[in-house]
Structure formats: C-alpha cells, structure tokens
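Novice: Handing you a structure now.
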Amino acid sequence: MDCAKLLSSNIRNFISQNDLASRFQNSGIAIIPNFLSDEGQRIIFHEVANVLPLLKRRNFTERTYGTDRIMNTIGSRELFAKTTYIQRLYESLIIRTTLGNLAGEAVFLPADENERVVINRLSRKNDVHGGHVDTYSFAFNIVVEAPPIGSGGELLVAKGSLNPEDLAGSDVDRYSFLKNDAYFLRTDASVHGVAPLTGTGFRTIINMAYASAENKDAISYSSDSLYG
Ligand SMILES: [Fe+2]
C-alpha cells in the first residue's frame, strides 16, 4: 500500500497554509493535528496495540543529564520485527521529503538502528521522561494515546537551553496533544522532556528519529539504557 494513504489528505495544504516550515525553523516545533487518515489510524494504531505487551518497564536516572526515565519502551529492532507499516512510514519518501521541507535541510536515517523508531509509553502516575538533549537533530512524534488535559504528560521545551534544570523554570514552553496529533521537534538544540503524569491516563507516542547531515553517523548516548 502507498504510504500516502496512511496520511490525512489535507496534510500538504495544512503545512503550507500554516507556514509550518518557517514556524519550525524559528521555533523548533511544528504541530500537525489529525495526522493519520482513518485508514492510517486503523493500521498504525493496531500495530502499536499489538506490540504494547512487549514494551519494557524502565526506571532509572539517566547519567548524562541526571534526569529520570520512568516509562515503558520498545526499541526499533523489536518494533520492526513485529510491525510492517510503522517502518514503511518512517522510511517513506513522502515523510522524509515532508520533514526535510519543514526542516529546511535533508533529513537522514540515523546510524543507531535501534533508536530509529521507538515507542515511549507513560502509563502510571509519576511516570516521566526527564529532560535531555538528543544525539540526532529531529524527532517526528505521532501521538497514539494522550492523557486528559491537566493530567501531566505535557511536552516541555526550554528553547535554546541545554540544561535540564531549565525545564523547571518559568521560561519553559508546555505542549499538550490530542490523539493523532503529530509534532516535529528539533531535538539537538533545546532541552526537552515530558512532564510526569499526575493522574490517570496514558501518553503513548511513536517517536521517529531523523538526523541531520552532521550527526547521522553518531551513536546515541541513551540508546542502550532506554531501548536495549
Ligand atoms: Fe528527545
């Protein structure tokens, strides 16, 4: 099947009408609501549901940034072994071209094969994805499950800072999402993380990593502890 059928039909219009490329290049984030088509949601969310039992519980303090990772995850190797369309979508020309247009530069599949596409799931109160800066320049995230607004799990970004302590400061941007939103994030230039869940609900995302020409051959510092 053509990967374009997985995407809602108005994506190109939405991106150009909202001038998302210049917004992304200025702000480091572009949000695309209603990303997957009905058929795309049926196929992709079904693949995610099938692998949820394979996610591993993680609970540790990451050494480089000294922040907590309390959530369930699966890395690319296992994910790609059990699914079909998630990998096809990730590698598709339509996605790579679209993201390259948003970024204003070509995007590449990163060298670290286990971190190419991962699923991160915050499922219990106090689950958190602590502040960090990524090895690779870009992450494209599809929201599979979103906690109710006001129950934590917001994306936090301290624009231009590389210090995770700044995520606790007042100059932090907070983003809540709905199911089937997608967001494209510049991940190597600003510290970012996900706020702890404070109530019931789940925050499940498919996180697709893309590299710039400069960092495509780098090996991720966090891959083994989070996805190994
Ligand atoms: Fe990240």
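Novice: Any chance you could run the full-extension gain for residue 17 through residue 175? It's 0.36 nm times the residue separation minus the Cα-Cα distance, nm to one decimal.
Specialist: Separation in residues times 0.36 nm, less the Cα-Cα distance, equals 54.7 nm.
Novice: Turning to a different aspect of this structure: Given a 10 angstrom Cα cut-off, can you work out which residue in 11, 205, 119 is the most mobile in a GNM of the chain?
Specialist: Checking each option, the largest mean-square fluctuation is seen for 11.
Novice: How far is it, in nm, from the label point at residue 25 to the one at residue 165 when both lie 7 Å from their Cα along the line to the Cβ?
Specialist: With each label point 7 Å from Cα toward Cβ, the separation is 3.5 nm.
Novice: So, one more: Under the 0.36 nm per residue contour assumption, what length would be gained going from the current alpha-carbon distance of residue 50 and residue 64 to full extension?
Specialist: Full extension of this stretch gives 1.8 nm more.
Novice: So, counting K/R as plus one and D/E as minus one, what does the shell of residues with Cβ under 13 Å around residue 180 add up to?
Specialist: -2
Novice: Within a Cβ distance under 10 Å of residue 90, other residues only, what is the Lys/Arg minus Asp/Glu net charge?
Specialist: Residues near residue 90 contribute +2 overall.
Novice: Could you pull out which residues in region 20-51 have an amide N less than 16 Å from a spot 7 Å beyond the Cα of residue 1, following the Cα-Cβ vector?
Specialist: So the set is 35-50.
Novice: Relative contact order of the chain, please, whole-number percent, based on alpha carbon pairs below 8 angstrom and at least 6 residues apart.
Specialist: Once normalised by length, the contact order is 27 percent.
Novice: Another question, if that's okay. Near residue 26, within a Cβ-to-Cβ distance under 14 Å, what is the net charge of the other residues, with Lys and Arg +1 and Asp and Glu -1?
Specialist: Charge balance in the 14 Å sphere: +1.
The numbers here are math on the coordinates, done by the rules we state, and not lab data. Please read all numbers here as calculations on a predicted model, not as lab measurements. Reconstructed Cβ throughout: ideal geometry from the backbone, glycine too, with neighbour counts over all protein chains shown.
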